[in-house]
Amino acid sequence: MIGAEGENYGVIPFAEAMTRARESGLDLVEVDSNGKPPVCRILDYGKWKFEQAKKEREARKHQKGTMIHEVRMRPRTGQHDIDLKVRIANRLLAEGDKVKLSVMFRGRELSHPEVGQEVLDKALTGIGEAATVEKPPGMEGRFLTVILIPNVKQPVAAAKPAEAPAEVAATPVEAAAETPAAVAEKTEEKVG
């Protein structure tokens, strides 16, 4: 048995453990029932449960779950509006969230899903390499949907430095001293 302050009382009978718990005004809680002998502890059970719940809330507060955001379009959505929806989807993907692109059909539009597929294809080409298709396009009732997940950010390869121009000013002061007219004369000399 373990006391309220963490002191170890050793192996004692159950009746004596209950008496000590009652004298201190606390509860006797079984900590490890599989141990030989079982391990019990004297503590305030209500306070302990409250602290455990508080720790769980704190852990959940710092945890970020993946969100699925839906971006809806219609079969007759114009190109500019599709571009706007693509920008929104790219922003959401950059934040690390999943995006569900959906095209909503109404009435007779449902008899021509290929038009909605074209709208979805335009949006997917606009998104490009920013996302990977998690669930390919498919009909869900009146909606043609596709689910996208953000690509894992890969390190950008170092760009090769561009070739330096043939005549480079020796110092920044010389470069600043050149006027646009002087630069134009040098280019005329090279060309002429």
Which residues does a label at ASN151 reach in the range 113-137, if reach means a backbone N under 12 Å from a point 7 Å past the Cα toward the Cβ? 127-133
Cα pairs beyond 18 Å in the range 14-61, in percent, come to 44
Tell me the net charge near VAL39. Cut-off is 12 Å between Cβ atoms, VAL39 excluded, with +1 for each Lys or Arg and -1 for each Asp or Glu. 0
Between the modelled labels at ARG22 and THR125 (7 Å from Cα along Cα→Cβ) the distance in nm is 8.3
To the nearest 20 debye, what charge dipole does the range 1-117 have about its Cα centre, counting +1 at the Cβ of each Lys and Arg and -1 at the Cβ of each Asp and Glu? 900
What is the range 14-61's relative contact order, in percent, from Cα pairs under 8 angstrom and six or more apart in sequence? 25
How charged is the neighbourhood of HIS62? Take every other residue with its Cβ under 12 Å from the Cβ of HIS62, and add Lys/Arg as +1 and Asp/Glu as -1. +3
Label-point separation, GLU114 to GLU70 (7 Å along Cα→Cβ), nm: 2.8
Could you tally the net charge around HIS80, taking each other residue with its Cβ under 12 Å from the Cβ of HIS80, Lys/Arg +1 and Asp/Glu -1? +1
Once amide H atoms are placed 1.01 Å from N in the peptide plane, what residues at a sequence separation of 5 or more from ALA4, or on another chain, have their amide H within under 5 Å of its amide H? ILE42
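Taken together, the values in this text are just the output of simple stated rules run on the coordinates, not laboratory data. Predicted, not measured: the structure shown is a model, and the values here were computed from it. Heads up, the Cβs are rebuilt from the backbone with ideal geometry, glycines too, and the neighbour counts pull from every protein chain shown.
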